[in-house]
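Report on the structure given below.
The values are calculated or read from the model by the stated rules, or taken from the named source; none is laboratory data. For clarity, every value in this text was computed on a predicted model and none was experimentally measured. No Cβ is skipped: glycine too gets one built from the backbone with ideal geometry, and neighbour counts run over all protein chains shown.
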Amino acid sequence: MTVLSEEIRDRIRAEFPKYPNKRAVTLPALHIVHDTLRAVSREAIVEIADLLELHPAEVHDTMTFYNFFKTEENPQGKNRVWFCRSISCMLRGGEELLENICQKYNVTPGHTTEDGAVTVEFAECLGACEGAPCILVDDVCHMDMTTESTSKLIDEL
Ligand code: FES
């Protein structure tokens, strides 16, 4: 039994013409698999490598270099919330915000709430320092966050 469905494989193959060679499709393939399965398992790495005609270690190296992709041991929740920990956000209460949220939802950075709804992550500067402290919720940046406004957002997820 394979981990990657035919639909996932087709989406990866659709990337081939956009790049000079199959190796260059490693990151797009990892994103496709991660977005769909919320993790990239060892089996998925082997199957991606097979599709791209690479050694699994090469795919694994790329995957672990970015520290973005979750593994089967620690999969991503339904939503991912990134807390900026760079200087502007830190000076305006970002650390306390993260601490309060982690305490409230009983989760630690890099991990997912027990109900699988939210994965909490550290982020470096989100490029919205004027609105510090900032968080990123599924690709949308939210500025001037407080524990209350962040909790409200998370509760809606
Ligand atoms: S320091 Fe947080 S957005 Fe720039």
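Table: residues versus (1) charged (D, E, K, R); (2) more than 28 Å from Gly116 (Cβ to Cβ).
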site: Arg9; (1), (2): yes, no
site: Lys18; (1), (2): yes, yes
site: Lys22; (1), (2): yes, yes
site: Leu27; (1), (2): no, no
| said: With the structure loaded, tell me whether Arg38 is outside the structural domain of Leu136 (by TED's automatic domain parsing) and under 20 Å from Glu114 (Cα atoms) or whether it fails that test. | reply: yes
| field | the range 137-149: number of residues that are more than 9 Å from the ligand (Cβ to nearest atom) and not in a helix (DSSP H, G or I) | value | 8
| task | Considering each residue of the range 64-78, count those that are crowded, with 18+ Cβ neighbours inside 10 Å and either within 18 Å of His142 (Cβ to Cβ) or touching a Cys at 6+ places or on another chain (Cβ under 6 Å) (or both), and give that number. | result | 1
| Are there any helices (runs of 4 or more DSSP H) wholly within the range 31-93 with 1 or more residues that are within 16 Å of the ligand (Cβ to nearest atom), and if so which? | 87-91
| remark: Scanning the range 109-130 residue by residue, the ones that are within 9 Å of the ligand (Cβ to nearest atom), surrounded by 16 or more Cβ atoms within 10 Å (Cβ to Cβ) and outside any strand (DSSP E or B) total 3
